[in-house]
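Each remark here refers to the structure printed beneath this line.
Nothing in this text is a laboratory measurement; each read-out follows from the coordinates by a stated rule. Keep in mind that what you see is a predicted model, and the values were worked out from it rather than measured. When we count neighbours, we look across all protein chains shown, and the Cβ atoms used for this are built from the backbone with ideal geometry, even at glycine.
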Amino acid sequence: MNKLAKGNTSTVRFHNTMLILHTIRETGMISRYDISKRTRLSPTTVAALSKDLLEYKYVSEMGKSKSTGGRQGLLLGINSKSYCFIAIQFNLDILELALIDFGFNRIATKRINLKKPMEHDEFTRLILDNIADEWKKNLLGIGIGSLGVVDPQAGVIHSHPLLAKPDYKIRDTLVDALHYNVSVINTGRITAWSAFLSFPNVNNLLCVDICHGIGAGMVINRQVHKGSNFAAGEIGHSVFTPEGKPCYLPHNGCLEQEANAKAFLDAARQAAGDVVEIEELDNCYLTNREAKKLMDEKLDLLGYALAFMVDLLDPDIILITGRIFRNNPVLFGRLCESISCKSFLQSSFAFAKIRTYKFEDDMIYRGLANLIWNELTPDAIFPEPATGNCKK
């Protein structure tokens, strides 16, 4: 197949090819005739561009459609075994690497416990040592989600609790070592994007994670919002009580220290004088007056923070992730009340817009694979010559 020609014709052709591929991925299996109806592309265009996708093994023919009296059409589906992605999550205490097939299914995983801050070259070696040679076969790229302040354009992690020094140029380092496309994004952003993919009718989404830390990701007009300094949604380190608990950053009383999951557990244990698990917080809140008082203070802090965000963004939906509110409906209801009564929107702000959300095991991995795919250039997707299959 000839390489895509340069100029406007090439741009339109590439856009239409990606539209066809997206339609196939979204429907599972579909005939060329139905692709034409859904995309409003001509049958001739669909046939020609589908041929390209078949030659490059992005899709394959998977049987025939049901007969309606005429000729049965061949069904096209994603060829999951054709190419691969590597998804990496740089969490607070665990480094996770996963091999993802072209169907966005996880087929292998490695987890490494992290115990102390590392130098940049030490962290690079840790990644490289855990990428097996077989993972590199027909690899399209590597997606990295990291805590902290991340510049996705430069591919730099500016800060992370387990980096001994700031400004880790992780994308350039891995590109030089592996010669594959590398995308880097903040964990909050990829969390929001991964959740957004599950809500096809939503345009604006706010996703707030309340766990070890507190962070938010936003999708605005169906695009991940990063901010000019790539710190959009970093509400966890906004100071709410200047005389409060110290943070690893040089200030006290940030929202993360005052109202993360550990803060709620500490409050309950202080009041109860005994060990309290996350699943027992509702009961403690309802039966212990001192615990209720301490937790109400934290719920009010979260209410102020999230009401500000709701008023600024006016999202279609607000997702609260993390075990603390997912496993404690009483606390979640109290949080919703706190947000609603502090929000400018108030009466027009429906509780139905706020919900707890549990990520499926592979959702973040799929989000990272989707991120890599969306950032690939036409030359990366349609190189010369067409390549073979990715082996599991």
For the chain, what is the percent of antiparallel DSSP beta bridges, rounded to the nearest 5? 60 percent
Gaussian network model of the chain, springs between alpha carbon atoms under 10 Å - residue of Leu249, Leu174, Leu206 with greatest fluctuation: Leu249
Per residue of segment 353-359, what does 6.51 cos²θ - 1.76 cosθ + 1.60 with θ = phi - 60° give for ³J(HN,Hα)? Whole Hz please, x for Gly and Pro, Karplus curve as stated. 6, 9, 8, 6, 9, 10, 6
Residue separation times 0.36 nm, minus the C-alpha to C-alpha distance between Thr27 and Ala154: what's the value? 42.2 nm
Take the alpha carbon atoms of segment 211-261, find their center, do the same for segment 134-178, and report the distance between the two centers in whole angstrom. 21 Å
Taking the number of other C-beta atoms within 10 Å as the exposure measure, put Trp135, Trp373 in order starting with the fewest. Trp135, Trp373
Per-residue [θ]222 nm for the chain (sum of -39500 (n - 2.57) over DSSP H runs n ≥ 4, rounded to 500): -12000 deg cm²/dmol
To make sure I understand the rule: partners must be aspartates and glutamates, Cα under 12 Å from the Cα of Lys165, and not fewer than 8 residues away in the same chain. Which ones qualify? Glu119, Asp121, Glu122
Using a Gaussian network for the chain with springs between C-alpha atoms less than 10 Å apart, which of these wobbles most: Ser36, Ser82, Ser183? Ser36
List Cys211, Cys254, Cys341, Cys336 from most exposed to least, where exposure is judged by having the fewest other Cβ atoms within 10 Å. Cys341, Cys211, Cys336, Cys254
I need the peptides 238-245, 186-193 ranked by packing, meaning the mean over residues of other C-beta atoms within 10 angstrom, with the highest value on top. 186-193, 238-245
In the chain, whole DSSP H helices that both stretch 30 Å or further along their axis by alpha carbon positions and average at least -1.0 on the Kyte-Doolittle scale are 289-313
Order of Tyr58, Tyr180 under a 10 Å beta carbon neighbour criterion, fewest first: Tyr180, Tyr58
